[in-house]
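Quick notes on the structure that follows.
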Amino acid sequence: METKGQFAIKAGILLVLMLFFLCAACASIPYISVNYRIPVSTSTLQGQELALVTVDERKSKEIIGPGARNDYRNYGGDISYSLTKSGGSTFKIGVFEAPVLLGEAMKAKLKNQGVHVVSKPGESDLLMELALKEFSLDLVNREWQFQMSYEARLVREGRVLSRQEIAGQAERGKILQRREADRVVEELFTDLVNRFDLERLLQKGGENR
C-alpha cells in the first residue's frame, strides 16, 4: 500500500514528465522567421496621412507547399517578425499571420517616410488597402521556392483612385534544415515591401500634395 509520501513523489514525477513532453511538443512546432530590413529614412512624405488596412485575397491560405511539409510538420501558419532599422538595430516585434505581417511591415516603411498611419478607416478620409494575393513556400528538388504578391489600392469615399501591384519569386538551395527557407522568405519579403512607391500611388490617384 502506497503512503501519502510515495503518492506525492509519483504525482510530482508525472507532472514533471507532462511538462517536459508539453515543452517538447511546443518546441517542435516550426515557424517561418522574417526579418524586415527597413530602408534609410527619407521623410519624403512628411505630413501625409492615411488609414491602412490589410485584406487577405489569397486563393489558397496554405503557406507551405507539398514539397516542404516534411520540414514544417505541425506548422500553424504564424510568422515570427522582427524589424531591422537602417542603423542596424534589430527588434523582435511578434508573431503574425501573413496578411497582418505585410501590414505591420508596410506601416514601419511608411512611418519611416514621415507618413502618419492610422489603423481605422474613419480616422482619415484617405484609405490604403493592402490586399495579399499570394504568400507561399515550397521545396522543389532541394530548392526553397518562395512566391509573394500583393496589391495596394488607394481609396477615397469608397472609390478606388489608383492601384499598384507588386509580385516576385525567389529560390535558394537547401543546405541546413530550414535556415535557407527563412533567408529566401525575408529577402524577397523585404524587397517587395520596399519596392512599393506611395508617392507614385498618390500621383496616379490625383492626390498630389
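Output the number of the condition that LEU126 fails; it satisfies all remaining conditions of (1) more than 26 Å from LYS174 (Cα to Cα); (2) surrounded by fewer than 17 Cβ atoms within 10 Å (Cβ to Cβ).
(2)
For the range 157-173: of the residues being in contact with a strand residue (DSSP E or B) (Cβ under 6 Å, 6 or more places away or on another chain) and charged (D, E, K, R), which is surrounded by the most Cβ atoms within 10 Å (Cβ to Cβ)?
Result: ARG172.
Considering only residues of the range 135-171 that are outside any strand (DSSP E or B) and closer than 29 Å to LEU201 by Cα, which is farthest from the chain's Cα centre (by Cα)?
GLU157
Which of (1) at pLDDT 95 or above; (2) among the hydrophobic types (A, V, I, L, M, F, W, C); (3) surrounded by fewer than 17 Cβ atoms within 10 Å (Cβ to Cβ) is the odd one out, the single condition VAL40 does not satisfy?
(1)
Go through (1) farther than 28 Å from ASP197 by Cβ; (2) of a type outside the set (Val, Ile, Thr); (3) at pLDDT 85 or above; (4) surrounded by fewer than 17 Cβ atoms within 10 Å (Cβ to Cβ) and name the single condition SER89 misses.
(1)
To keep it simple, each residue is scored yes or no on (1) closer than 22 Å to ASP78 by Cβ; (2) free of Cβ contacts under 8 Å to residues at least 60 places away in the same chain; (3) in contact with a helix residue (DSSP H, G or I) (Cβ under 6 Å, 6 or more places away or on another chain); (4) among the β-branched types (Val, Ile, Thr).
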| position | (1), (2), (3), (4) |
| --- | --- |
| VAL115 | no, no, no, yes |
| VAL118 | no, no, no, yes |
| PHE135 | yes, no, yes, no |
| ASP138 | yes, no, yes, no |
| TRP144 | yes, no, yes, no |
| SER149 | yes, yes, no, no |
| ARG156 | no, yes, no, no |
| ILE166 | no, yes, yes, yes |
| ARG172 | yes, yes, yes, no |
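Does ASP182 qualify as being part of a helix (DSSP H, G or I), surrounded by 17 or more Cβ atoms within 10 Å (Cβ to Cβ), among the acidic types (Asp, Glu) and in contact (Cβ under 8 Å) with a residue 24 or more places away in the chain?
Answer is yes for this residue.
Can you find a residue that is part of a strand (DSSP E or B) and modelled with pLDDT under 95 anywhere in the range 172-179?
yes
(1) more than 19 Å from LEU50 (Cα to Cα); (2) outside any strand (DSSP E or B): which one isn't true of GLU199, the others all being true?
With (1) more than 19 Å from LEU50 (Cα to Cα); (2) outside any strand (DSSP E or B) applied to GLU199, the lone miss is (1).
Quick check: is even one residue across the range 117-136 among the small types (Gly, Ala, Ser), within 20 Å of GLU97 (Cβ to Cβ) and either at pLDDT 95 or above or outside the structural domain of PRO39 (by TED's automatic domain parsing) (or both)?
Within the range 117-136, one or more residues are among the small types (Gly, Ala, Ser), within 20 Å of GLU97 (Cβ to Cβ) and either at pLDDT 95 or above or outside the structural domain of PRO39 (by TED's automatic domain parsing) (or both).
The values are calculated or read from the model by the stated rules, or taken from the named source; none is laboratory data. Model, not experiment: these values are computed from the prediction. Note that each Cβ is placed from the backbone with ideal geometry, even for glycine, and that neighbours are counted across all protein chains shown.
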